[in-house]
Structure formats: C-alpha cells, structure tokens
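Undergrad: Here it is, the structure in full.
Just so you know, all these numbers are worked out from the coordinates, no wet-lab data involved. The structure presented is a predicted model; accordingly, all values stated were derived computationally and were not measured. All Cβ positions, even for glycine, are placed from backbone atoms using ideal geometry, and neighbour counts span all protein chains on display.
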C-alpha cells in the first residue's frame, strides 16, 4: 500500500470559481496542498491561464488559510478531447441533446480526472483528493453527482490498495452559497480573487467584465454564476 499522508491534499484546480474555492477550503484544513489541472482540448482553455493567477494569489499562507501550497501538475488528456464531440471540445452551438443532457457534457471527463488524480495522489502521498463538483447548481452532468464520487472513491481504493478520501465541499451548495463560502474562508480578498480572476464561461470569453466576473453572459455557465452572484448579494449581511 502507498504511504499516504493525512496532512497532504491534492486539489483538482481548473481555474474556475468552484475549484478555486475548493483550493482555499483545502488550504484551511491541510498543511500541504498540491494542485492538478487537465488540458483536454477544452474550448475555454483560458481557464488554464487563470490557474496560475489563482495559485500565485494563494501561494503565501495566511491565518485563515495556513496550508502550504506545493507543486502544481498539468496533465494532458488529448485523447479525451479527440473522443468527444461536444460543445466543450468543438466550435458548435450549446444545446440540449436528445438524451436530455446538455451538449457541454464530456462523457467520462470527470471519471478520467478522478482516475488520473488518484494515480498522482498515490505517487505524491496525498490521502485527500478535493473536487469542485456539485449536484445542487449544475448542468445535469451525471459525473458530478454524489453517488458517482462515492463509487469512484471505492474503485480507487480497491484498485490502488489505498485509503483515499474524496472531498466535495460544494456538493450541496448552490452558486450563491459557494460565493459565501469563499468570503467566509478568505474574506473580501478571496471573494475578489474569485470574481476577477477565475473563469467559468464555456466560450472562453474574457472580454466582458460583469459584477460576477468575466464571461459572455449568455452561456449556461455564465447564467449560473450570474444568478448565484445576484442571490448572494441579495442575502442579509453575514457575521
């Protein structure tokens, strides 16, 4: 069995709102945190550049986020993009497919992410794997569901003879609650970082700045984020 440290965590960091909030969550709980990203030919590849900005901003420990940010890993999954005929990997209009799922769904994407993250965590001695998936405010992707993650945890532990723990801090939080969590974790500075520097827009548009961040303002990802920001700002003051 691999020697996994209970103090070490690996965060799947895409450069988006959810994974950035999860990185802060991990830094608040684990003393050593590493990150991993995936290049699968995504249409919104700009998110990979956002990862670096986020990491630089969170590189120095703070009283609220005392964990040390360690190595970053970027894994190329070109085969996944080549296999996929979706609006996330092709220049096609975003729409609903006949199976009831949006055509932004990349079959097997999050499953592959978890497998590769598990292999990396095994090598790096990270017991904890943190993902920003959610089935509260989401696009209907079946690989974001709680049951999927629990099943993958069992499969990884059986297949690698390990005792990984997969954490999904946002699983039961909507986007408004995710903004609130960022503020609770890192105050105004982290909230500003999430708004200004993370990327969500499926079209990769960073030419238009809105109150909730950059994006086209029309794709499903932008609409979810905009609605969440509006509800977050409408809530009574916290604290």
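Undergrad: Sorted by mean Cβ packing within 10 Å, highest first, what order do the peptides 228-235, 193-200, 56-63 take?
TA: The most tightly packed comes first, giving 193-200, 228-235, 56-63.
Undergrad: Here is a follow-up. Treat the count of other C-beta atoms within 10 Å as a stand-in for reagent exposure and order 109, 209, 8 from fewest to most.
TA: With the fewest neighbours first, 109, 209, 8 line up as 209, 8, 109.
Undergrad: Starting with the fewest neighbours, write out 216, 201 ranked by other beta-carbon atoms found within 10 Å of each beta-carbon.
TA: Least to most surrounded, the residues fall as 216, 201.
Undergrad: Got a sec? How would 75, 129 order by Cβ neighbour count within 10 Å, fewest to most? Each step should come with its number before you reach the end.
TA: Working: 75 15, 129 26.
Result, fewest neighbours first: 75, 129.
Undergrad: Name all residues of region 192-211 having a backbone nitrogen under 20 Å from the label point set 7 Å from the Cα of residue 64 along its Cα→Cβ direction, giving them as ranges.
TA: Residues passing the 20 Å test: 192-199.
Undergrad: OK, next. Sum -39500 (n - 2.57) across every DSSP H segment of at least 4 residues in the chain, then divide by the residue count to get the 222 nm mean residue ellipticity, nearest 500.
TA: -13000 deg cm²/dmol
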